[in-house]
Amino acid sequence: MKYALYPGCTVLGRGRNYEMATREVAKILGIEFVDPDDFECCGFPIKSVHYETFMMMGARNIFAAEQKGLNICTLCSACTGSLTEVNEHLKGHFDEKTMIIAQLKRNGINYRMGRNIAIKHFTKVLYEDIGINEIEKQVKKKFSNLNIAAHYGCHYLKPTDIYINPEDPENPHSLDELIRVTGANSIDYSEKLSCCGAGVLAINEDLAYSIVRPKFQELSRNSTDAMVLICPFCSVMYDDNQKKIEQKFEEKYDLPVLYYPQLLGLALGIDAKLLGLRMNRVSTKALLEKIGT
Amino acid sequence: MTELSPKFKYEVAQEPGGEGIKLCFACGICTASCPIREIDEGYNPRRIIRMVLLGMKQRVLSSDFIWFCSSCYACTERCPQGVKFTDVMNAIKNLAVKAGYIPQAFIQQTQILEQFGRLYEIDEFDNKKRAGFGLPKVEKAKGFTEKIFKITEIEKNIPRNV
């Protein structure tokens, strides 16, 4: 199983722990990553201000993978949504694809018309391509004493009409199942499907922080051991900014926030250091002690 | 209410993603589902749609609140009419930019992308750190993003800070 790995800007800039854990987990599960040197920003940050540019940025990254005959595996849910939206659009609009290729060519960027590829979030690669049963065979440690709060985020699930195999966005299950395969309990909670607010962080910090607060409040009330998420944007809000949010509202949450591949990696018996668990902002020390790592 | 532009809704509908605006029958499930509305009542999807349909072009395009959408797609998923309000908001924001209204954050982001091809520069220092953690080297971006910005003439709509 071979994918072109598309880490995206935020993982490269702020999510080294996510990338490390992903690569370690992939090695054990037989997922091979190729790292093309011509991927750039997916275009998501430009979508709301210049749609034509967004479309061309996404298309060019897709063409780069098409030339290599590789499907793309994404780590960031915003990249996943953007690239999927553009990819599905181009699949249905051959004329537009031809036009963008010609426009790029006139400006010295040469791509041939390639065979269509698929875009897949790493979590879906685990869930659909590898599957819960195969993962279970590789699990070496079970964490039955852990209560984990799954955070799906928005773009991993929505908008459902761009995804080939969408989940019910009001009742998703892939991440819960992936958490349960580590032996941990994936808790039910009312703020489970809430938005992380990162989309407005650059526009209105107070608004963004107010959006994440109820989730923190609920999870500290019901003594959750950790939150598990799958998008570096969400992680910026819940892990990187947790201290700031605690200060702003004069509350204390102390909630460790893990990327899913970090949790899975621990269950697969991978050393915590190789999973970048020391890089998580909120200390994971007590959590690791609780599971005897 | 002095200056109304009755054709504004057609302008929005012609932008990519804006097509659905005319389907709205004002049930308000977008507003009820919106996490931003829950915190800040100044942002109200149903009201924004009404304002567009009524032709309040200036008020909408020059407002701060159109930039508050977090792009969570909750409204899009629940809308019984298929309005796809998240996409409609993108259409409105694209029109606002063409009319000269753009938050500073987007001007900065555009400049960073033009310069580095990514939202964060990955330099030699980062690559040394990456090597220490067993991660492969990240090559400097090859200027594709910058070239695309030239092709689409993005600077006509998004000014540069000087």
Number of positions in the range A:136-163 that are closer than 20 Å to B:Cys79 by Cα and assigned to a loop (DSSP other than H, G, I, E, B): 8
Qualifying residue in the range A:235-246 (condition: within 14 Å of chain B (Cβ to nearest Cβ), touching a helix residue (DSSP H, G or I) at 6+ places or on another chain (Cβ under 7 Å) and under 20 Å from B:Gly134 (Cβ atoms)): no
Residue within the range A:230-247 that is buried (at least 16 other Cβ atoms within 10 Å of the Cβ), touching a residue at least 60 places away in the same chain (Cβ under 8 Å) and of a type in the set (Asp, Glu) present: yes
Looking only at the range B:107-129, and only at residues there that are within 7 Å of chain A (Cβ to nearest Cβ) and without any contact (Cβ under 8 Å) to a residue 12 or more places away in the chain, the one that is farthest from A:Glu40 (Cα to Cα): B:Gln109
Residue within the range A:59-67 that is more than 9 Å from every other protein chain (Cβ to nearest Cβ), in contact with a His (Cβ under 7 Å, 6 or more places away or on another chain), crowded, with 24+ Cβ neighbours inside 10 Å and of a type outside the set (Phe, Trp, Tyr) present: no
Residue in the range A:180-223 that is surrounded by the most Cβ atoms within 10 Å (Cβ to Cβ), counting only those that are part of a loop (DSSP other than H, G, I, E, B) and at the interface with another protein chain (Cβ under 8 Å from one of its Cβ atoms): A:Gly197
Check on B:Val60, β-branched (Val, Ile, Thr), part of a helix (DSSP H, G or I) and more than 30 Å from A:Gly108 (Cα to Cα): yes
Wholly enclosed helices (runs of 4 or more DSSP H) of the range A:51-114 bearing at least 2 residues under 19 Å from the mean Cα position of the chain (by Cα), assigned by TED's automatic domain parsing to the domain that holds A:Met20 and at pLDDT 95 or above: A:51-67, A:77-92
Hits in the range B:14-29 - residues which are within 14 Å of chain A (Cβ to nearest Cβ), under 21 Å from A:Tyr51 (Cβ atoms) and either touching a residue at least 40 places away in the same chain (Cβ under 8 Å) or surrounded by 17 or more Cβ atoms within 10 Å (Cβ to Cβ) (or both): B:Glu15, B:Pro16, B:Gly17, B:Gly18, B:Glu19, B:Gly20
Check on A:Asp176, among the acidic types (Asp, Glu) and away from every other protein chain (no Cβ under 14 Å): yes
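The values are calculated or read from the model by the stated rules, or taken from the named source; none is laboratory data. From a predicted model like this one, the values you see are computed outputs, not experimental measurements. All Cβ positions, glycine included, derive from the backbone under ideal geometry; neighbour counts span all protein chains shown.
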